[in-house]
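The block underneath contains the structure these notes are about, expressed in structure tokens.
The values are calculated or read from the model by the stated rules, or taken from the named source; none is laboratory data. None of these values were measured; they are calculated from a predicted model. Cβ: placed from backbone, ideal geometry, glycine included. Neighbour counts: every protein chain shown.
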Amino acid sequence: MTIAATEPQASYDEWRTRRWRLTSLTFGLLWLVTAVAVVLVGEKQSDLSSLAGSLANGSVTRVEVVGLPQDPDWRGRQQVTLKWRESVLSRYAVVTVDTRRNPSDQWDGDQVNGDLEVHLRGFGPEPDITYSEATGFQEWRGYRGPGWVALLAFAAWLGTGLLVIGGPEPWRATRWAWGWFVLMAGPLGSLGYLLLGGPLSLARPKDVRQRLTGGWAFLIALVFFGGANAG
């Protein structure tokens, strides 16, 4: 792999000045707050089979059903969301419920024909099932949460990108290289830049002239993160 050996335009020690240290710590703390918010109120996408397994082994005892009509005489097909909590993160699964006399199986994804509550209780020890109305959320790469969490993440990501553009010359990779990582890898690229690119001044390289170029960084980001962005 080719590594650029050009002399950086600014002193790498500039990251150690109070101005850039405080700026970098601010964005680092913003990412930390975002991560905590995702754990506390965010949800990770899952499926009905995972919920069934957790109900069967007793690790899940409470399920929230979102968006299902509560009229006992209701007949039709409705897409609902099942929510439950496992270990650290909450999970959700989108399921189609069909209560018609002649339900259709021509549907992609998880489907339950008949009474959803009876179906869930058939997986194991009777869970505590609650019902709620659908609310707004923001979704990204299999995770979703309230709009304010998305706003926090966007602010942290945008701030990190501006730091790449306007901050001192970064370590280990050029501005273009770190820019591709931040753009295509999102939180992972941003975290890598803050920890290894100079902002938080961790593990300063011995030879600051050896840096990954933008072309190679683009290819690496495309291979490892391009598919996730496309999805």
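Please verify whether R211 is in contact with a strand residue (DSSP E or B) (Cβ under 8 Å, 6 or more places away or on another chain) and assigned by TED's automatic domain parsing to the domain that holds A156, treating the condition exactly as stated. Please lay out each step first, then the result.
Numbers: in contact with a strand residue (DSSP E or B) (Cβ under 8 Å, 6 or more places away or on another chain): yes; assigned by TED's automatic domain parsing to the domain that holds A156: yes.
Criteria met by R211.
Among P168, P125, which is touching a residue at least 60 places away in the same chain (Cβ under 8 Å), touching a Gly at 6+ places or on another chain (Cβ under 7 Å) and not assigned by TED's automatic domain parsing to the domain that holds W20? It would help to see each step written out before you state the result.
Numbers: P168 fails: not assigned by TED's automatic domain parsing to the domain that holds W20.
None of the others qualify; the one that does is P125.
Within the stretch 154-174, being within 20 Å of A221 (Cα to Cα) and among the hydrophobic types (A, V, I, L, M, F, W, C) holds for F154, A156, W157, L158, L162, L163, V164, I165, W171, A173. Within the stretch 181-199, one or more residues are farther than 25 Å from R18 by Cβ, assigned to a loop (DSSP other than H, G, I, E, B), in the same structural domain as G28 (by TED's automatic domain parsing) and not hydroxyl-bearing (S, T, Y).
Considering the stretch 151-177, and only residues there that are under 16 Å from G28 (Cα atoms) and among the aromatic types (F, W, Y), the residue that is surrounded by the most Cβ atoms within 10 Å (Cβ to Cβ) turns out to be W157. Could you tell me whether the stretch 203-222 includes any residue that is at pLDDT below 90, surrounded by fewer than 17 Cβ atoms within 10 Å (Cβ to Cβ) and at positive phi? Yes, the stretch 203-222 has at least one match.
Each row is one residue, and each column tells you yes or no for (1) within 30 Å of E169 (Cα to Cα); (2) crowded, with 18+ Cβ neighbours inside 10 Å.
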| residue | (1), (2) |
| --- | --- |
| R18 | yes, no |
| E43 | no, yes |
| L82 | no, yes |
| R85 | no, no |
| R91 | no, yes |
| V94 | no, no |
